[in-house]
Structure formats: structure tokens, C-alpha cells
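The values are calculated or read from the model by the stated rules, or taken from the named source; none is laboratory data. As the structure is a prediction and not an experimental result, all values here were calculated from the model. Positions of Cβ are generated from backbone atoms using ideal geometry, with glycine treated the same way; all protein chains shown enter the neighbour counts. Keep in mind that these areas ignore ligands, DNA and RNA; they rest on the heavy atoms of the full protein, side chains included. Shrake-Rupley method; radii C 1.70, N 1.55, O 1.52, S 1.80 Å.
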Amino acid sequence: MNPLLIKITRPFSEQYTLDIHSDLMAVDARMDSHTQIRWDFNVIKVEENFVEVRLILLDQVLLKANNPLIKEIARLTNTFSRMYNELHLILDHKGNILEVINMSSILAKWNQTKMELSKIAEGTPEIKDIIILNDSIFLNKENLKGYIQRSEFFMLYFNSIFGNKLPYDNANTIMPNFLNTANLNWQRKIIAADIRKNIAAIELKTTPFFTPKDFNERAYSQFKNKMDISKIIPSLKETGNYTIDIDNGKVIEAVLKREEVAHKDMLYTKLEYNFVSDSGLKIADKNNVEKTAMAIA
């Protein structure tokens, strides 16, 4: 198969739904949740060196939570998501953010939110810490671009697939472990498993390089008083399956799974992201109707 280069090639509009299923065990605390997010993604202009897009956050809701802490985190997340509910961006063809066009609007929303939080922050160190942390993001344009870049939509949509010739094999991908406690060097492999009628099935696999002794101390030292981290042999992996219209660069659907198991009963995280376009949902509904009709016949 000849190398395949996937890019956004022309303007389009699409709405996406993301379901995030998360199962985290941190020694004596388990957090199991299901979150759903919806966006409207509008590709406005496509040029040789850049793509202009607008991303609107339509909804973000916590559908399931087994722990009150998850609900508190979700409440804070929703408070801060209003700063990012409308993004007007310039991207390169790999999906990297080159410019945040509506930066002034985002900063205005943050200043308003900061004033509201400051009124209730007196005597609440946690809120003061949140204000300080977010100030460090919003007062630096590069920090803000990086924060948006790491958000769920961009992590899922582009994910090293766009702008790189496939098959793609990169042994120097730096990203944190899935418990988000230490950076690792990963090898990411991406192949075009099948192409039919301009629809490509893409497979992704990412595995880390590490020595347990060094990694365990960096990643799990906060748990050393509750478990013997010297005996841990962690297992980490990421797998993904994408369906992409290569004629225009529209992701139809994607499933990304991440798993880190340090101890099968005491310390692990399992994440599953199901990302689907409204077009993909319509195709699935049509196929289900056709299967039902054939079964009845």
C-alpha cells in the first residue's frame, strides 16, 4: 500500500459526541465515571500551510459517578469550560495550534470568572490555588495554546494521524503516563488498515519505554507509604481505531483506549474514549435499520 497522507482538504461542518468512561483505583479510593461532551466543529478555510477552524462546546455532562469527589471535580470543570466554549483557531495540517484568534474574548471571560471566584475565595485556600494556577495559563499565550492543544477534542481528532505519512512509526513521542504522574518516552505506530471508497480504517498503538525501578519512583512515590512500589511491574498501553473520510479529512468515528495497571487490585486507571460524528451516528442508524429489515424478511 502506498503511503497515505491524511489532511483536512476543504471546509465542512460537523457535530461530535464524546463519551469518556473512566475507571481509576488509587489504593484506597476508586473513581468510576461516565462523561459526555458535544461539540460543533466548523472548518472555515483551508490553505496550503494552515487551516482556520471554529470549535463550539455544546454540552458537557457527568452521566455517572460513584464518588462525590468526581461530582465536585465536574462542577469545577464546568465552571472553567465556559472560557473555552468558543474557540476560533489557526491550525497547521497536523492539528497543532498556531494562533488563538479569539484570545481577547477568552481572557475577558477569565477576568470575569476570576472576579466571581475571588469574592468567595477568602478563607478558601483551594480556590485561591485554582485562581493562581489558571492565571499562569491565561496570562501566557503559549501556555493557553498548550492547554487547548491537550484538551479532549484535539487529542482525539488529530492524534499524530493528520499530516504524517502513514504508516507512521515514531519512537520519540513524549507524553505522561495515564495516571498523569510522570513523563515517558513512547513509541507510536499508526497504519492505514483498510481503504474503501475514500474511507480509511486507521489503527494506532502506543507503548512506552521505561525501566520499572526508575519509573516506579517517579510515577508512584505518592503511594509508597501504602504499598511496596519496588515490586510493581507496570503495564501501560494505548490502542485506537479511527474511521476517516480521506476525501475531506473528516473523522467519522474513533475509539481510543488507554490502560495503566500498576497493581490489578490497588492501583490502575482504564480510560475509553468513544468519539463519533453525527454523520457516523446516522450511518450506524441506517445500517441497524437495514439489518433489522433483512432479519424480518
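Okay, here's what the table says:
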item	result
Of all accessible heavy-atom area on the range 1-69, the percent that carbon and sulfur account for (1.4 Å)	49 percent
Cβ crowding within 10 Å averaged over residues, with 74-85, 243-254 ranked highest first	243-254, 74-85
Label-point gap, in nm, between Asn102 and Ala201 - each point 7 angstrom along Cα→Cβ	3.8 nm
Net charge over other residues, Cβ less than 14 angstrom from the Cβ of Asp59 (K, R count +1; D, E count -1)	-3
FRET efficiency for Lys64 and Lys226, using Cβ-Cβ distance with R0 set to 35 Å, rounded to 0.05	0.85
Listed residues Phe153, Gln112, Pro11: farthest to the positive end of the dipole of the chain (Cβ charges)	Phe153
Derived scalar couplings ³J(HN,Hα) [the range 74-89; Karplus, 6.51 cos²θ - 1.76 cosθ + 1.60; whole Hz; x for Gly, Pro]	5, 5, 5, 4, 5, 4, 7, 5, 4, 5, 10, 6, 9, 10, 10, 9
Sum of -39500 (n - 2.57) over DSSP H runs of 4+, divided by residues of the chain (222 nm, nearest 500)	-9500 deg cm²/dmol
Fully extended contour minus Cα-Cα distance, from Leu133 to Tyr147, at 0.36 nm per residue	3.8 nm
The range 106-221 - percent of accessible surface contributed by carbon and sulfur, probe 1.4 Å	53 percent
Mean Cβ count within 10 Å, highest first, over the residues of peptides 272-283, 23-34	272-283, 23-34
Per residue accessible area of the chain, 1.4 Å probe, in Å²	54 Å²
